[in-house]
Number of protein chains: 2
Amino acid sequence: MLAEIITIGDEILTGNIVDSNSAFIAGRLTERGYWVRRITTVGDDVGEVEKAVREALQRKPGVIVTSGGLGPTHDDVTMLGVARALGVELKLCEECLERIKEFYRLLHSKGLIDDPELNEARRKMAYLPEGATPLENREGAAPGAFIEHDGTKVFVLPGMPREMKSMLVREVLPRLGTKTFVQRKLLAEMTDESKLAPILRATLERFRVRIHSSPKGFGKYIGIIIFGESEEEVERARAFMESMGVRFTER
Amino acid sequence: MLAEIITIGDEILTGNIVDSNSAFIAGRLTERGYWVRRITTVGDDVGEVEKAVREALQRKPGVIVTSGGLGPTHDDVTMLGVARALGVELKLCEECLERIKEFYRLLHSKGLIDDPELNEARRKMAYLPEGATPLENREGAAPGAFIEHDGTKVFVLPGMPREMKSMLVREVLPRLGTKTFVQRKLLAEMTDESKLAPILRATLERFRVRIHSSPKGFGKYIGIIIFGESEEEVERARAFMESMGVRFTER
């Protein structure tokens with residue numbers, strides 16, 4: 001099953017932050033048996049978000065996860081961009097509005113903000129694409145959204161890492177089924193990658209695995225990750241590589 | 001001027017590494033006056049690389065920078081993907097082959113590898129898209145490539161951060177002209193972003209700037225970055241926001 005990740009934020013495109021969210025999401029999806037085929041980052045611009053989501057939908061992945069752009073400011077436009085890509089309107093989610101009210105009342109009671117009342121900017125966060133299921137945000141104000149569209153499960157998550165991680169684990173993963181994928185990380189005792197190339201090619205032809213190799217400088221080892229749908233297939237691929245002369249050490 | 005970044009690597013798509021290369025590249029391009037409009041990550045797959053480059057070219061940015069997939073192994077397919085997207089063949093770069101030979105001879109003389117001779121995998125790195133200018137790699141074996149295509153400057157860089165950074169600074173930036181862009185990082189004394197939304201909107205309507213805001217939890221401050229083509233315009237925008245009641249502290 002294929003997946004795509006879309007992260008949204010000018011702060012990524014200007015190099016002001018490193019997008020570690022997509023790596024976290026990619027890791028969790030990979031463990032669940034999804035091949036993440038593409039990660040796209042666009043800015044806080046409704047047209048750009050719409051285009052990125054529309055293009056991803058056209059590639060028909062099983063899952064799309066977006067992260068970022070759900071807050072109250074002018075540049076938080078992800079819900080609108082997603083709605084447009086799906087061809088639906090934004091609609092007030094009453095239950096979300098109640099939660100948002102509650103959230104600001106709580107912050108106010110703790111003395112963290114001056115004003116507990118809803119304003120236009122806070123209210124905006126309660127609008128989700130029509131037909132979406134709200135995803136609970138236990139760490140912040142803005143709810144996420146889940147929409148199924150033409151065979152693709154679309155999850156819209158916040159960008160703050162704490163909020164995104166909590167929502168991914170609690171609200172997204174349980175909706176992705178129970179299949180798992182095996183990754184085996186090894187070190188090959190070899191001084192350079194070029195010696196490994198024909199062996200990797202032969203292994204990939206024989207087994208249902210994917211293999212990633214990365215040189216560890218020009219030292220003694222090359223890092224290898226074998227991915228497969230079962231321990232058995234991964235082990236068969238490893239044993240074959242060994243029979244071709246590769247010496248492995250567990251990482 | 002718009003720019004796009006394409007990073008290539010299964011290790012990013014599986015969440016095994018965080019793609020910090022794109023943030024580094026984005027930061028340098030932003031300083032040079034480019035708006036990075038999109039960052040795309042695809043896997044070590046020639047079809048995926050071709051598609052990502054072709055789609056980026058269709059959006060007609062001034063610059064495309066790719067990073068990753070230039071090494072000697074089976075999954076290093078970026079040069080071929082770029083060549084296909086450009087509609088040209090790969091061609092042996094004799095000067096690159098000499099450098100690669102020299103590189104492995106040097107590693108061998110230092111006792112870092114067993115075998116100094118060229119093999120098929122090492123030789124592969126000397127093939128660049130027809131018409132490309134090779135970019136010198138002072139930190140590794142694989143050369144980069146520079147191709148102008150229909151108004152877009154395409155730079156193909158390695159994925160190892162040390163090699164990529166050195167090549168970006170020495171070989172790419174000098175080809176991008178001398179325009180610079182101003183970023184001003186500030187802290188606004190405000191307890192939540194929603195209060196800021198109408199002020200940001202008014203500022204963006206009046207001045208030629210872009211503004212990014214990010215909450216620092218629900219503490220006292222909101223981080224603000226104002227981007228513009230001159231110090232003067234950024235300063236005017238800052239002063240206007242102050243006149244609207246925002247209190248700034250320099251970060």
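Just a few scattered comments:
- Count - residues of region A:13-24 that are among the β-branched types (Val, Ile, Thr) and either in contact with a Lys or Arg (Cβ under 9 Å, 6 or more places away or on another chain) or modelled with pLDDT under 95 (or both): 2
- Residue check, B:Glu193 within 13 Å of chain A (Cβ to nearest Cβ), under 30 Å from B:Glu4 (Cβ atoms), within 16 Å of the chain's Cα centre (by Cα) and not small (Gly, Ala, Ser): no
- Given (1) under 23 Å from A:Gly47 (Cβ atoms); (2) small (Gly, Ala, Ser); (3) more than 9 Å from chain A (Cβ to nearest Cβ); (4) surrounded by 23 or more Cβ atoms within 10 Å (Cβ to Cβ), number of the condition B:Ala26 does not satisfy: (3)
- The single condition among (1) touching a Leu at 6+ places or on another chain (Cβ under 7 Å); (2) in a strand (DSSP E or B) that A:Ala26 does not satisfy is (2).
- Taken together, the criteria place A:Ile199 among residues that are within 14 Å of chain B (Cβ to nearest Cβ), assigned to a helix (DSSP H, G or I) and surrounded by 15 or more Cβ atoms within 10 Å (Cβ to Cβ).
- Among the candidates A:Lys179, A:Lys185, A:Lys220, residue that is closer than 30 Å to B:Ala141 by Cα and modelled with pLDDT under 80: A:Lys220
- Region A:131-187, subset of a type in the set (Gly, Ala, Ser) and either part of a strand (DSSP E or B) or in contact with a helix residue (DSSP H, G or I) (Cβ under 6 Å, 6 or more places away or on another chain) (or both), residue nearest to A:Pro72 (Cα to Cα): A:Ala141
- Scanning region A:11-23 turns up no residue that is facing chain B (nearest Cβ under 9 Å), part of a strand (DSSP E or B) and under 11 Å from the mean Cα position of the chain (by Cα).
- One residue stands out in region B:29-42 among those that are more than 7 Å from every other protein chain (Cβ to nearest Cβ) and over 13 Å from A:Gly43 (Cα atoms): the one that is surrounded by the most Cβ atoms within 10 Å (Cβ to Cβ), namely B:Leu29.
- Checklist (1) surrounded by fewer than 18 Cβ atoms within 10 Å (Cβ to Cβ); (2) in the same structural domain as B:Ala23 (by TED's automatic domain parsing); (3) more than 22 Å from B:Ile100 (Cα to Cα) applied to B:Leu118, failing item: (3)
- Check on A:Ile100, crowded, with 20+ Cβ neighbours inside 10 Å and not assigned by TED's automatic domain parsing to the domain that holds A:Glu232: yes
- Unique residue being over 26 Å from B:Trp35 (Cβ atoms), in a loop (DSSP other than H, G, I, E, B) and touching a residue at least 12 places away in the same chain (Cβ under 8 Å) when the list is B:Leu128, B:Leu118: B:Leu118
- You will find that of A:Glu193, A:Glu205, A:Glu232, the residue that is of a type in the set (D, E, K, R) and touching a residue at least 12 places away in the same chain (Cβ under 8 Å) is A:Glu193 and no other.
- Any chance B:Gly245 is within 14 Å of another protein chain (Cβ to nearest Cβ), closer than 30 Å to A:Leu106 by Cα and not in a strand (DSSP E or B): yes
Yes/no per residue for (1) over 24 Å from A:Met1 (Cα atoms); (2) modelled with pLDDT under 95; (3) away from chain B (no Cβ under 11 Å):
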| site | (1), (2), (3) |
| --- | --- |
| A:Ala52 | no, no, no |
| A:Pro72 | yes, yes, no |
| A:Leu80 | yes, no, yes |
| A:Gly87 | yes, no, yes |
| A:Phe103 | yes, yes, no |
| A:Ser109 | yes, yes, yes |
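- Hits in region B:57-67 - residues which are within 13 Å of chain A (Cβ to nearest Cβ) and over 11 Å from the mean Cα position of the chain (by Cα): B:Gln58, B:Arg59, B:Pro61
- Odd one out for B:Asp45 among (1) buried (at least 24 other Cβ atoms within 10 Å of the Cβ); (2) within 13 Å of chain A (Cβ to nearest Cβ); (3) closer than 29 Å to B:Leu118 by Cβ: (1)
- Conditions (1) within 14 Å of chain B (Cβ to nearest Cβ); (2) closer than 26 Å to A:Glu55 by Cα: number failed by A:Lys153: (1)
- In the set (1) in contact (Cβ under 8 Å) with a residue 24 or more places away in the chain; (2) hydrophobic (A, V, I, L, M, F, W, C); (3) under 30 Å from B:Pro116 (Cβ atoms), the condition left unmet by A:Val182 is number (3).
- The residue of region B:1-10 that is modelled with the lowest pLDDT, among those that are under 21 Å from B:Gly47 (Cα atoms) and more than 7 Å from every other protein chain (Cβ to nearest Cβ), is B:Gly9.
- Here A:Glu163, A:Glu171 are screened, and the one residue that is within 14 Å of chain B (Cβ to nearest Cβ), farther than 18 Å from A:Leu92 by Cα and surrounded by 14 or more Cβ atoms within 10 Å (Cβ to Cβ) is A:Glu163.
- Qualifying residue in region B:48-71 (condition: crowded, with 23+ Cβ neighbours inside 10 Å, within 30 Å of B:Val182 (Cβ to Cβ) and free of Cβ contacts under 8 Å to residues at least 40 places away in the same chain): no
The values are calculated or read from the model by the stated rules, or taken from the named source; none is laboratory data. Not measured: the values here are computed from a predicted model. Cβ sites come from the backbone with ideal geometry, for glycine too, and all protein chains shown count toward neighbours.
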